[in-house]
Every structure is written in C-alpha cells, then in structure tokens.
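Peer 1: Once you've had a glance at the structure underneath, I'll fire off some questions.
The values are calculated or read from the model by the stated rules, or taken from the named source; none is laboratory data. Given the structure is predicted, the values throughout are model-derived calculations rather than measurements. With ideal geometry, Cβ positions are generated from the backbone for all residues, glycine too; neighbour counts draw on all protein chains shown.
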C-alpha cells in the first residue's frame, strides 16, 4: 500500500520569483509613461491665455468663462483650469465674442456642442427639474425633521 507521503513532493515555486516582478515592472512602466501622454505638446491657441484688445469684450468673455465648466477638471470653470481643452474653450469664447457674438449666443453654441452640463447655470426644463427642486425638497425635509425632534423634546 502506498501512502501520500511516499510520493515525491512538488517544489512550490517561490512567491517572489513568480509573477510579482513582472506585474511590478509593468506597473512602473505605465506610471512613467502616463504623464508623457497626458499633453499633446501642441502650442496653446492664440486667445487661450491672451486677453482681447477691447476691454469691454474681454470683460464679457471673462464673465462667460467663469460660468462655463471645464469638461476635463469638472469642478473648475474654464477661466481657472489649466487643462488644454479649457484653453481651447477660452480661445473659442474670446474668438466668438471678438467676432461680435453676444455671451448668450456663445453659451448657447457651447451648450449645443457639449450639452447642458458645460454651463454652471443649466436651463430650467423638465429634464432639470429634479436638479432645481432638490435643494428645496432637502430644506423642507430638514425643517420637518427638526420640527418633529423639537416636538418630542417638549412632550
């Protein structure tokens, strides 16, 4: 009768000499390559970082740029963002305002191109009603809960 102990044991591969170095090497290569591919290397658009010669038009452009969301950063306006796309959008805003378009026309064009999300002031329409109603509903709910809690303390 043969027992399990009579069979020769397989040598377990050492953990450190398996797949770990390969994964670590690939991870390091990806981390080093990612910043290299982040920017295009192209020069910024002319009006991305330059002001318009007309101070009135520049004031209109700056006010509009502060109301438009950067599509890359998502939490910053295009006026504050350093992303390349934000620079391109700043240049577009300045070019269109310099060409004589009103800020509302430029905003409408950007919303048509990128959607309502690009504006910090989304329009009131059936799709955005929950967005506009949520703060009011939260305040009403909070006041109702506070009233109930205060009524329990009194009674």
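Peer 1: Anything in segment 76-104 that is surrounded by 12 or more Cβ atoms within 10 Å (Cβ to Cβ) and more than 21 Å from the chain's Cα centre (by Cα)? List them, or say none.
Peer 2: Of all residues in segment 76-104, those surrounded by 12 or more Cβ atoms within 10 Å (Cβ to Cβ) come to 76-81, 83-98, 101-103.
Result: 94, 95, 96, 97, 98, 101, 102, 103.
Peer 1: Pick out the one residue from 50, 84 that is farther than 18 Å from residue 101 by Cβ and either in contact with a strand residue (DSSP E or B) (Cβ under 9 Å, 6 or more places away or on another chain) or modelled with pLDDT of 85 or more (or both).
Peer 2: Numbers: 50 fails: either in contact with a strand residue (DSSP E or B) (Cβ under 9 Å, 6 or more places away or on another chain) or modelled with pLDDT of 85 or more (or both).
Just one listed residue meets the conditions, 84.
Peer 1: While we're here: Has segment 91-103 got any residue that is out of contact with any helix residue (DSSP H, G or I) (no Cβ under 9 Å at 6 or more places or on another chain) and outside any loop (DSSP other than H, G, I, E, B)?
Peer 2: Yes, segment 91-103 contains a residue that is out of contact with any helix residue (DSSP H, G or I) (no Cβ under 9 Å at 6 or more places or on another chain) and outside any loop (DSSP other than H, G, I, E, B).
Peer 1: Could you figure out which of (1) under 24 Å from residue 44 (Cα atoms); (2) within 18 Å of the chain's Cα centre (by Cα); (3) without any contact (Cβ under 8 Å) to a residue 12 or more places away in the chain isn't true of residue 122?
Peer 2: Condition (1) is where residue 122 drops out.
Peer 1: Identify the single condition in (1) surrounded by 14 or more Cβ atoms within 10 Å (Cβ to Cβ); (2) assigned to a helix (DSSP H, G or I); (3) modelled with pLDDT under 90 that residue 108 does not satisfy, given that it satisfies every other one.
Peer 2: (3)
Peer 1: So in segment 118-129, with the set limited to residues that are modelled with pLDDT under 85 and in contact with a helix residue (DSSP H, G or I) (Cβ under 9 Å, 6 or more places away or on another chain), which one is surrounded by the most Cβ atoms within 10 Å (Cβ to Cβ)?
Peer 2: The qualifying residue surrounded by the most Cβ atoms within 10 Å (Cβ to Cβ) is 122.
Peer 1: Still on this model: Confirm whether residue 71 is surrounded by 12 or more Cβ atoms within 10 Å (Cβ to Cβ), over 20 Å from the mean Cα position of the chain (by Cα), at pLDDT below 90 and not in a helix (DSSP H, G or I).
Peer 2: No, not satisfied.
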